[in-house]
Amino acid sequence: VRQNWPIMYQLIAKANDILANVPNMKITEGVKNNAVAQAHFYRAFAYLWLAPWYGDNGPNGGLPIVTEATAFEDLDAPRPASVLENYDMIISDLTKAADLLPLMSQQAKADWGRPHKAAAWAFAARAALYAAQFDAKYYQTVLDMTGKIMALSGSDKRELYSNYQNLFTESANYSSEYIFSIH
């Protein structure tokens, strides 16, 4: 798991490039919103991958936070005092992503596997669970985000898959338990 950190920093850099440049492009609002939403999602995903390994609330603090607004001369800024700053940024990015992302049922089948609202909410809940080990107030965020997932209906409703034996097979991809996967 730890050997993936260079890939995660590349993902953060690419997401920041999108967030810095796409809003000013002359493209349709739909394309722009989709690109911005996915950039927020993937930046948060990368920080969520890194923060539990390299950040803490003790002597090391959080990971350096680099966003689209970070100036070149500030790239070597000191680490935040607490990893909670990372989790706050992750939750914020995922909330922004969820505001713009479609539900999975609104995606074309060819787009299944791309971020959608429930995936953003689920990862925000995961970030809040990690944060709750340092501050119990984050449990409310866990409840809020998982409540949104549980309130979904129709084909977006997440529920236990009927055949656990087959759950981890290709035939169960995008089943009723599916939230998100990296291919």
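The values are calculated or read from the model by the stated rules, or taken from the named source; none is laboratory data. Here the structure is a predicted model, which is why all the values come from computation and not from measurement. With ideal geometry, Cβ positions are generated from the backbone for all residues, glycine too; neighbour counts draw on all protein chains shown. We work out accessible area using only protein heavy atoms, side chains counted, and drop any ligands, DNA or RNA first. Shrake-Rupley method; radii C 1.70, N 1.55, O 1.52, S 1.80 Å.
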Quick check: is even one residue across region 72-83 within 21 Å of Tyr139 (Cα to Cα), of a type outside the set (Lys, Arg) and within 17 Å of the chain's Cα centre (by Cα)? yes
The number of residues in region 104-115 that are surrounded by 13 or more Cβ atoms within 10 Å (Cβ to Cβ) and without any contact (Cβ under 8 Å) to a residue 40 or more places away in the chain is 2
Residue hits (region 158-183; under 18 Å from Asp111 (Cα atoms) and not hydroxyl-bearing (Ser, Thr, Tyr)) are Glu170, Ala172, Asn173, Glu177, Ile179, Phe180, Ile182, His183
Need pairs with beta-carbon distance below 7 Å; first residue in contact (Cβ under 8 Å) with a residue 12 or more places away in the chain and within region 66-83, second of a type in the set (D, E, K, R); sequence gap 6+ or separate chains. Val83/Asp56
Conditions (1) crowded, with 19+ Cβ neighbours inside 10 Å; (2) out of contact with any Leu (no Cβ under 7 Å at 6 or more places or on another chain); number of the one not met by Ala127: (2)
Any residue that is open to solvent by less than 10 Å² (accessible area, probe 1.4 Å) and within 21 Å of Val22 (Cβ to Cβ) - is there at least one of those in region 45-62? yes
Residue satisfying condition, being assigned to a helix (DSSP H, G or I), of a type in the set (Ser, Thr, Tyr) and either closer than 30 Å to Ile18 by Cα or open to solvent by 40 Å² or more (accessible area, probe 1.4 Å) (or both), within set Ser162, Ser171: Ser171
Qualifying residue in region 97-117 (condition: within 19 Å of Gly30 (Cβ to Cβ), more than 10 Å from the chain's Cα centre (by Cα), modelled with pLDDT of 95 or more and of a type in the set (Asp, Glu)): yes
Looking at (1) without any contact (Cβ under 8 Å) to a residue 60 or more places away in the chain; (2) farther than 12 Å from Ala120 by Cα; (3) open to solvent by 40 Å² or more (accessible area, probe 1.4 Å); (4) not basic (Lys, Arg), can you tell me which one Thr95 breaks? (2)
